[in-house]
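Asks: Provided herewith is a single structure, encoded as structure tokens, for subsequent inquiry.
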Amino acid sequence: MDFYFGLAQIIGVHTLIGLSAYIVLLTGQVSLAQAGFFAVGAYAAGMLTVLAGWAILPALAASALLGAAVACAVGFPALRVKGLMLVIATLAFGEGVRLFFFNFDYQVAKGGVKLGPLGGEGFRQIRYFPENGWTTMDVMLFIWAFVVLTMALLWWFDRSRYGAVLRAVGEDELAAQSVGLNLTAVKVSAMTVGGAIAGLGGGIYAHYTTHIEHASFGILLATFAIAYPILGGLGSVFGTLLAAVFVQGFLVEGLRFLGDWRNLLFGALIVVAMNVRPRGFLDAPTLLWLKRLFARTGGGSGAA
Amino acid sequence: MALLELKGVSRHFGGVRAVDGLDLAVEPGQVFGLIGPNGSGKSTTVNLVAGLFPLTAGAIAFEGRSLEALPTHLRLQAGIARTFQNIRLFGQLSVWQNLWVAQNSPEDRARHGFLARWLGGQSGARDEILPLLEFSGLAHKRDELASNLSFGEQRRLELARAMATRPKLLLLDEPAAGMNSEEVGQLRERILSLRGRGVTILLVEHVMELVMGVTDRIAVLNFGQKIAEGTPAEIQADPAVRKAYLGGEAA
């Protein structure tokens, strides 16, 4: 059973980083910086619980805030460029963060043992969960509580005027400006919310793996982050969840028996999925169909 | 005092003088027509007022204040709204959402608190949006995606979206393009109804049936310069205008 709980933990954390890219993608921006915010959150939360002795919740709140602050600071200069230029700028930022942690030493002696980040060796012994007697299931439920909360928040955004404004900016910047919307403010706000979600995800990731190192926060993670919402479709937050389950649950774990052939099939299946559903799993027509199906089968109250 | 005043406004694109030393004064409450052959600088003038690109020379004032330092979104908040020659709606948003995102006027910001304005649901904006839906005849399509509307409906929605910003000055860039004569008639009624509410309108248009029927004053552009200005009757009789439109010698 622990295997499945462990898998659920991975899917949960990947859903969070996917959601952090989802809100940025709504404004039409492709950001490869999400892995960087994720790394900042991971190191910050780990250092707070291990070195400063904080409890997990305040440490996660701090990592989310830090992720938001860094994303906001990066957003102002980065969002002056568009399209491929933005991809390169955010990629450079993400690699910069990774290389920072590659060189980052901050070790403190605790009870005879030196703890804390040690450059390329990484940051070991982030043992808040085992020290406090959490089981794998406890941790899994803890992670999914945050996934549900984040999805609820983004789902609410989607139904509010803010969500409509994000999509309006993503669709036509000139028209959005011409109805009085401040493009910079809207884009930076999305980046900031995305940074908070990535920071939170990173903080959780650091604690369930107990060992983080710079190599985990590279271009591969950044690519996964934008792949989930694109594969899942930008019509709804549930698309990102579906894509994280599909990729981590089916492609990565489910095909493990194929050995080295897995990576080949992995790429091929993504290509097939995007060809069959070019606008993602949950695009606007599919959502409409689901909504009608739900209304007809008497789901009633929730279908409004 | 004129609501909108252009003094010696020029905009050059490389060697092309799209607008060249243009003077215009639009009085409050007027429907001001801007006509001229293709490429005479009408749309460029609208884009300059809306702030899409900077002036090469000259000055634009709105309510006596210079517009030069204001970026596009602040000009809109100051009371200038526009429609586009080639319709630019948010196609993947519903009709209601298209109007909703446009509520950025100071009045709207004062009416609701920050959180209610940004994170509130659709029902919070009913009082403002329902009249706009009535005005545009789209009340029965409020949940339809804008991209699924017919051409005429899209034009009406774009006009309603501009009105959702509560403009003092409305820039209409060829609103009758592609319309049949019945639709032009309905558009004419809408423009007159807006004029009745005190909205000043700068109308760029090729369809003379509309221009001559609704405008108080008309300026004629040719090669970026104003060649005539006056009432519709004066313009119709002007030999320079006839020459610009028909070519060759004036009759």
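Asks: Along its three principal axes, how long is chain B when you only count alpha carbons? Whole Å, largest extent first please.
Replies: Largest to smallest, the principal-axis extents are 61, 41, 33 Å.
Asks: Please give the Cα centre distance for region B:185-202 versus region A:257-292, rounded to the nearest Å.
Replies: Each part's Cα centre sits 50 Å from the other's.
Asks: For A:LYS82, give me every one of the aspartates and glutamates with a C-alpha distance below 16 angstrom, ignoring sequence neighbours fewer than eight places off in its own chain.
Replies: List returned: A:GLU171, A:ASP172, A:GLU173.
Asks: Right, something else. Residue by residue through region A:71-88, which ³J(HN,Hα) values in whole Hz follow from phi under the Karplus form 6.51 cos²θ - 1.76 cosθ + 1.60 (θ = phi - 60°), with glycine and proline marked x?
Replies: Result, rounded to whole Hz: 4, 5, 5, 6, x, 4, x, 5, 7, 6, 9, 10, x, 4, 4, 5, 4, 5.
Asks: Over region A:245-300, how many percent of alpha carbon pairs lie in each 5 Å bin up to the one with the longest distance?
Replies: The percentages, shortest bin first, are 4, 17, 17, 16, 13, 12, 10, 7, 3, 1.
Asks: Roughly how tilted is helix A:261-276, in degrees to the nearest 10 and between 0 and 90, from the longest Cα axis of chain A?
Replies: 30 degrees
Asks: Taking each residue in A:157-170, count the Cβ atoms of any other chain within 10 Å of its Cβ, then average. What number comes out?
Replies: Per-residue shielding by partner chains comes out at 6.
Asks: Taking only the alpha-carbon atoms of the protein assembly as shown, what semi-axes of the equivalent ellipsoid follow from 5 times the gyration tensor eigenvalues under a square root, in whole Å, largest first?
Replies: Ellipsoid half-lengths, sorted descending, are 55, 25, 21 Å.
Asks: Suppose R0 equals 30 Å; then what is the FRET efficiency for A:VAL276 and A:VAL30 from their Cβ-Cβ distance, rounded to the nearest 0.05?
Replies: Efficiency, from the Cβ-Cβ distance: 0.85.
Asks: What is the angle, in °, between the Cα long axis of helix A:161-171 and the longest principal axis of the Cα atoms in chain A? Nearest 10 is fine, range 0 to 90.
Replies: It works out to around 80 degrees.
Asks: Let me ask something else. Mind listing the phi-derived Karplus ³J(HN,Hα) values for region A:112-124, rounded to whole Hz, using 6.51, -1.76 and 1.60 with θ = phi - 60°, and x for any glycine or proline?
Replies: Each residue's phi maps through the Karplus curve to give x, 10, 8, 10, x, x, 9, x, x, 5, x, 10, 9 Hz.
Asks: Can you pull the one-decimal nm distance between simple spin-label points at A:ILE219 and B:LEU246, each 7 Å off the Cα toward Cβ?
Replies: 6.7 nm
Asks: Return the distance in nm (one decimal) between the two label points of a simple spin-label model at A:HIS211 and A:LEU149, each offset 7 Å from Cα along Cα→Cβ.
Replies: Taking the two extended label points, one gets 2.9 nm.
Asks: Here's a follow-up. At q = 0.13, 0.15, 0.20, 0.23 Å⁻¹, work out log10 I(q)/I(0) for region B:171-251 with the Debye formula, treating every Cα as an identical point scatterer and leaving solvent out; two decimals please.
Replies: Summing over Cα pairs of region B:171-251 leads to -0.44, -0.58, -0.96, -1.16.
Asks: Continuing with the same structure: Go ahead and collect, in residue order, the members of region A:1-45 whose backbone nitrogen is under 12 Å from a label point 7 Å along the Cα-Cβ direction of B:HIS112.
Replies: none
Asks: When we measure straight from the Cα of B:LYS7, which lysines land under 29 angstrom away, once same-chain ones fewer than 8 places off are left out?
Replies: Straight-distance partners of B:LYS7: B:LYS42, B:LYS168, B:LYS226, B:LYS243.
Asks: So if I average 1/r over every pair of distinct C-alpha atoms in region B:1-102 and take the inverse, what Kirkwood radius in Å does that give?
Replies: For region B:1-102, the Kirkwood estimate is 14.9 Å.
Asks: When only alpha-carbon atoms count, how far does chain A stretch along each of its three principal axes, as whole angstroms with the largest first?
Replies: Here the spans come out as 62, 45, 41 Å, largest first.
Asks: Counting only helical runs of four or more DSSP H residues, what would the 222 nm mean residue ellipticity of chain B come to if each run contributes -39,500 (n - 2.57) and the total is spread over all its residues?
Replies: Helix contribution divided over all residues of chain B: -10500 deg cm²/dmol.
Asks: Which length gain, in nm to one decimal place, applies between B:ALA57 and B:VAL16 when the Cα-Cα distance is subtracted from 0.36 nm times their residue separation?
Replies: 13.4 nm
Asks: What FRET efficiency do you get for B:MET212 and A:ILE88 if R0 is 56 Å and r is their Cβ-Cβ distance, rounded to the nearest 0.05?
Replies: 0.55
Asks: Distance from the Cα centre of region A:1-50 to that of region B:120-164, in angstrom?
Replies: Result: 38 Å between the Cα centres.
Asks: Also: Run down the lysines and flag those whose C-alpha is under 19 Å from the C-alpha of B:LYS141, throwing out any fewer than 8 positions away in its chain.
Replies: A:LYS291
Asks: I've got another one for you. Note down the nm distance, to one decimal, between modelled labels 7 Å out along Cα→Cβ at A:LEU269 and at B:ALA177.
Replies: Placing both labels 7 Å beyond Cα along the Cβ direction yields 4.9 nm.
Asks: What are the extents of the Cα atoms of region A:88-182 along their three principal axes, in Å, largest first?
Replies: Computed over the Cα atoms, the extents are 63, 35, 17 Å.
Asks: If you don't mind, there's one more thing I want to ask. Residues of B:83-94, mean number of Cβ from any other protein chain within 10 Å of their own Cβ, rounded to a whole number?
Replies: So the per-residue partner count for this stretch is 4.
Values quoted throughout were computed directly from the atomic coordinates according to the rules given, and no laboratory measurement underlies them. The shown structure was predicted, so the numbers you read here are calculated from the model rather than taken from an experiment. With ideal geometry, Cβ positions are generated from the backbone for all residues, glycine too; neighbour counts draw on all protein chains shown.
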